[in-house]
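Note sheet for the following structure.
The values are calculated or read from the model by the stated rules, or taken from the named source; none is laboratory data. Since we're looking at a predicted model, the values are computed, not measured. As a convention, Cβ positions derive from the backbone with ideal geometry for all residues, glycine included, and neighbour counts pool all protein chains shown.
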Amino acid sequence: MKPTKHSFKYWQWRVIICSMIGYSMFYFVRKNFSFAMPALAAEYGITNTNFGIILTLVGILYGVSKFLNGFVADRFNARWHMVIGLAACVVLNFVFGWSDKISTLVTGQTEGPDFVGAMVVVMAVLLILNNIFQGCGFPPCNRLMNHWVPPKELATKMSIWNTSHSIGAGILAVLCGYIIGTTGDWRQCFWVPGAIAAVGVFFIIITLRDTPKSVGLPELPDTKTELDDNDTSEAYKAFVRKKVFLNPVVWLLALTDLFVYVVRFAVLDWGPTFLGKMSVQLSPQLAGWTIGIFEVAGCAGMIFAGWISDKVFKGKEQRVSAIEMGLVAICLVVLQFLPADASPVLVLAILALAGFFLYGPQALLGVTASKNATKKAASSAVGLIGLMSYASVVVTGAGLGWFSDRFGWDYLFILMAGFAVVGGILVALLWNIKADGYIHENES
């Protein structure tokens, strides 16, 4: 039977929704460590510097993994790519819950500096392995979106898809906030989300498919590239060099994303800790809700940014990103100067507004890179951006951990505002670039 528009739309939205759910599961077994840190510090005396070093190592290796998996994703089945990565992360999270038992086996002790030192090493190794497999999450999803969504709709639908980041992180924040607030047991922050993510593995296997061709549908129109008539290994390598490694647009987007992620990770990784130590006091439960609402607001912000990029700015996502980074900086400056007697609800509201504006660029920079690199190298380009963006953990991990141990959390928001301003200036340099990198009839 000849494929119909209805059948393509059905599969398009099925792929978008099912990959969103599947990717949100990766966050369940990735960002839970941040909520376990205060309980681990209280129980074992682990310092923020140690936590910061761990966050830096795992962040850098996640960036490397995302980079390498970007090249794999452009040539490999997306469904099985995700399944392999998520299944490995589930296993590692369950093992992480026994970190103290493993440390006891290694040292023969249940407390003391040797025990704690061994436990820090065990946690670091498990988190490093976890983040290596986490790199199998986003790249295959980016491949799917660029094969199923036309360039003129990509900002809107990719922004909808990108809410999976916030959905996963937001639900996890509330879940782990209540786990720590009610039980105080850091182990449950790994076992409970791990069990949920295990269900997600089977969900991906059952529901997700790869490109339109894999279900008997034609490829997207108006997405012609140089590889269409010559897709040999050598031609592909030359194409990637041109569209990714020698592409100044991709490199500038990568630098911008570095600054976006400094702000984002400062909130996600350290939020449960520094929000509980602000002059405006927040309980563990309310801190969890605050981070959760930051993510929910980010969902709305991404959808709005994608829609306004396609409908108002005619596919010029970089312009929306530049404007919104300036608005993020304003929100962070306001947070910095809130009085000590300010309502926690006001803190929550302003942080949510910052999330609304921040997650627009977080979604749109990858869209700009994907359209510029085309569907044939989209994940490779986004992988390079991911590598650069996760260099941010040098600042948000060891940098903020060291700084907080010595100087506290004063002036954190004004520092983050400075990063937002620099990011906005960088992406503004791309104000007038062309909409995509495909070959159009009037260009042939």
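In region 336-376, what residues are outside any helix (DSSP H, G or I) and in contact with a Leu (Cβ under 9 Å, 6 or more places away or on another chain)? Break it down into steps so the answer makes sense when it comes.
Keep residues of region 336-376 that are outside any helix (DSSP H, G or I), which gives 337-343, 374-376.
Scanning region 336-376 gives Leu338, Thr374, Lys375, Lys376.
Of all residues in region 400-428, how many are in a loop (DSSP other than H, G, I, E, B) and touching a helix residue (DSSP H, G or I) at 6+ places or on another chain (Cβ under 6 Å)? Quick ask: steps written out before the conclusion?
Keep residues of region 400-428 that are in a loop (DSSP other than H, G, I, E, B), which gives 408-411.
Those left that are additionally touching a helix residue (DSSP H, G or I) at 6+ places or on another chain (Cβ under 6 Å): 409.
Qualifying residue count, region 400-428: 1.
Could you identify the single residue in Ile16, Ile84, Ile60, Ile53 that is aliphatic (A, V, I, L, M), part of a helix (DSSP H, G or I), closer than 24 Å to Pro150 by Cβ and out of contact with any strand residue (DSSP E or B) (no Cβ under 8 Å at 6 or more places or on another chain)?
Residue meeting the stated conditions: Ile16.
Collect the residues in region 242-300 that are of a type outside the set (A, V, I, L, M, F, W, C), out of contact with any Leu (no Cβ under 8 Å at 6 or more places or on another chain), part of a helix (DSSP H, G or I) and modelled with pLDDT of 90 or more, keeping them in residue-number order.
Across region 242-300, the qualifying residues are Lys242, Lys243, Pro248.
I need every pair where a residue in region 375-404 that is basic (Lys, Arg) has its Cβ under 7 Å from the Cβ of a residue that is part of a helix (DSSP H, G or I), sequence separation at least 6 or different chains.
Lys375/Asn146; Lys375/His147; Lys376/Phe239
Name the one entry in Asp185, Asp210, Asp222 that is closer than 30 Å to Ile439 by Cβ, modelled with pLDDT under 90 and not in a helix (DSSP H, G or I). Explain how you work it out, then say what you get.
Values: Asp185 fails: closer than 30 Å to Ile439 by Cβ; Asp210 fails: modelled with pLDDT under 90.
That would be Asp222, the only listed residue that is closer than 30 Å to Ile439 by Cβ, modelled with pLDDT under 90 and not in a helix (DSSP H, G or I).
When both residues are 6+ apart or on different chains and their Cβ atoms are under 9 Å apart, which pairs have a first residue that lies in region 334-350 and is in contact (Cβ under 8 Å) with a residue 60 or more places away in the chain and surrounded by 14 or more Cβ atoms within 10 Å (Cβ to Cβ), and a second that is among the polar types (S, T, N, Q) and in a loop (DSSP other than H, G, I, E, B)?
Within 9 Å, the pairs are Ala342/Ser279; Pro344/Gln281; Pro344/Ser283.
Of the conditions (1) surrounded by fewer than 16 Cβ atoms within 10 Å (Cβ to Cβ); (2) more than 27 Å from Gly301 (Cβ to Cβ), Gln188 satisfies every one except a single condition; which number is it?
(1)
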